[in-house]
Amino acid sequence: METVRIGIAGLGRFGKLHAATLAGLPGVEIVALCDPDASQVDAAASRYRVARGHGSLDEMLDEGGMDAVFLVTPEQHHGEQAAAVIAHGLPLFVEKPLAATADEGARIVAAANAAGVPVQLGFVVRFDAQHSLLRAEIAAGRFGQIVSIRLKRNCSRAWFPDYGDRVHTIYETSIHDIDLALWLAGSRCTRVYAVDRNYSGLTYPDACYAMLEFESGAVAMIETSWFVPQGAPANVLTGSWHGTIDAELEVIGTERSARARLLDSGLAIWREDLTHHPETSLWPEIGGSIAGALREQDRHFIERVRQRAGSAIASADDAVEGLRIAEAIVQSAAQSVPVSLA
Ligand SMILES: NC(=O)c1ccc[n+]([C@@H]2O[C@H](COP(=O)([O-])OP(=O)(O)OC[C@H]3O[C@@H](n4cnc5c(N)ncnc54)[C@H](O)[C@@H]3O)[C@@H](O)[C@H]2O)c1
């Protein structure tokens, strides 16, 4: 396969970023787009010179002519849409979360395995160089035993109205940190205790705090909330998507410890209206192309499509494990009790 022909479903904030990333990769052609919002399809089609625009995924799949599909649609559609892509025998990149429940996720993995279809998850932080370096250090045993992992992912308050009625925030923000904790601990989670809060009055909580215990003895603390004020240093300025992801990580091992902050790129640009701290690791835009972890992630997927093999870095199996933990966290917060995972 010389050129990999891609169809993208969902052209909102993150679909546009994937489109910009894929358009900058050699040997990749975006051949079809779909979104019920025709203005999004038209804008992306003219920007990336894509001939085919569709109002629905089914229409795009029925027309064929693609080697793989990117699903960047709202979270609640992923399960059903992933199943449809797999039923058409097409390799699938799906943004997190894989599905609404762990059981639905497991059914998707089983269907993909049966059809021999590669599936990769949008766990972009696994492709961030600082996380990859840290993982390699831990895997080489240099940290000794992992004692604790602390992960924080707080987002701009202004973004919450767009997400607060879609899924519990644990599936939106903390799903990255659950995945990181699993990846760095290298052990199964056995028990969780969580508390959530809802100050905004939307369907789902705008803050959630979870403690996870692992078989190895490691403990992870995962924190998320949506109250970062607009005056905070902005590290997301992409299209009309402006604001801050305030993310931190700390790992304590018996031999070494480590910490990382997403905001501290070292570069600060002072403007009249705000201070821009461009984050340089996840998806920096340089000269109109997207670099960083997002480019690495999408490039890795394209390679897997060529080899028709699943990803060893961001596998669908790990995503199902993350969904089981997310479900336990939501249950624990709702019932105010610790929840054990079998
Ligand atoms: N990895 C990350 O760091 C990261 C960051 C942001 C968003 N995301 C993920 O990306 C996905 C999309 O989020 P977003 O922020 O771009 O949302 P968004 O609301 O900005 O965009 C979603 C787009 O999907 C379209 N859409 C709705 N229903 C559809 C359907 N049935 N078929 C096709 N298109 C449909 C909407 O019209 C909209 O244009 C979500 O899964 C989200 O969790 C990931």
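Placing dummy labels 7 Å off each Cα toward the beta-carbon, the span from residue 80 to residue 341 is 2.8 nm.
Across the chain, the volume of the C-alpha convex hull divided among the residues equals 135 Å³ per residue. Were the residues from residue 51 through residue 188 laid out at 0.36 nm apart, the gain over their Cα-Cα distance would be 44.7 nm. Placing a label point 7 Å from the Cα of residue 5 along the Cα-to-Cβ direction, the residues of the stretch 18-35 whose backbone N falls under 11 Å from that point are 29-32. For the stretch 1-78, the Cα-based Rg and Dmax, in that order, read 11.3, 34 Å. According to the Kirkwood relation over distinct C-alpha pairs, the hydrodynamic radius of the stretch 260-301 is 11.5 Å. Loop-resident trypsin sites (Lys or Arg not before Pro) (DSSP state other than H, G, I, E or B) in the stretch 282-342 with no more than 14 further Cβ atoms inside 10 Å of their Cβ: 308.
Counting only Cβ charges, +1 for Lys and Arg and -1 for Asp and Glu, the dipole size of the chain around its Cα centre is about 660 debye.
Each helix, a run of at least 4 DSSP H residues, gives -39500 (n - 2.57); summed and divided by the residues of the chain, these come to -10500 deg cm²/dmol at 222 nm. Restricting the trypsin sites (Lys or Arg not before Pro) of the stretch 37-118 to loop positions (DSSP other than H, G, I, E, B) with no more than 12 neighbouring Cβ atoms within 10 Å leaves 49. GNM on the chain, alpha-carbon springs under 10 angstrom: the most fluctuating residue among 82, 19, 110 is 110. Residues 146, 6, arranged from fewest to most other Cβ atoms within 10 angstrom of their Cβ, appear as 146, 6. Tell me whether the stretch 105-188 comes out rounded, prolate or oblate; compute the Cα gyration tensor, take square roots of the eigenvalues as a ≥ b ≥ c, and use a/c under 1.5 as the rounded threshold. Cα axes put the stretch 105-188 in the oblate bin.
Projecting the Cα atoms of 243, 282, 301 onto the dipole axis of the stretch 239-306, where Lys and Arg carry +1 and Asp and Glu carry -1 at the beta carbon, places 301 farthest toward the positive end. If one computes P(r) from the Cα atoms of the stretch 72-120, what percent of pairs lie at distances over 14 Å? The calculated P(r) of the stretch 72-120 puts 39 percent of pairs beyond 14 Å. Fully extending the segment from residue 334 to residue 307, taken as 0.36 nm per residue of separation minus the present Cα-Cα distance, adds 5.4 nm.
Here's the picture: a label point sits 7 Å out from the Cα of residue 129 along the beta-carbon direction, and within the stretch 271-294 the residues with their amide nitrogen under 18 Å of it are 278-287, 289-294.
Stretched out straight at 0.36 nm per residue, the stretch from residue 215 to residue 199 would grow longer than its current Cα-Cα span by 2.3 nm. Could you identify which residue out of 301, 127, 143 has the top mean-square fluctuation in a GNM of the chain using Cα springs shorter than 10 Å? Of 301, 127, 143, the Gaussian network model singles out 143 as fluctuating most. Alpha carbon centre of the stretch 85-134 versus the stretch 148-162: separation in Å? That distance is 23 Å. Across all Cα pairs in the stretch 205-342, the calculated P(r) in 5 Å bins from zero up to the longest distance comes to 2, 7, 12, 14, 15, 17, 16, 10, 5, 1, 0 percent per bin.
Read-outs: derived from the displayed coordinates by stated rules, not from any lab. The structure presented is a predicted model; accordingly, all values stated were derived computationally and were not measured. We place every Cβ from the backbone using ideal geometry, glycine too, and count neighbours over all the protein chains shown.
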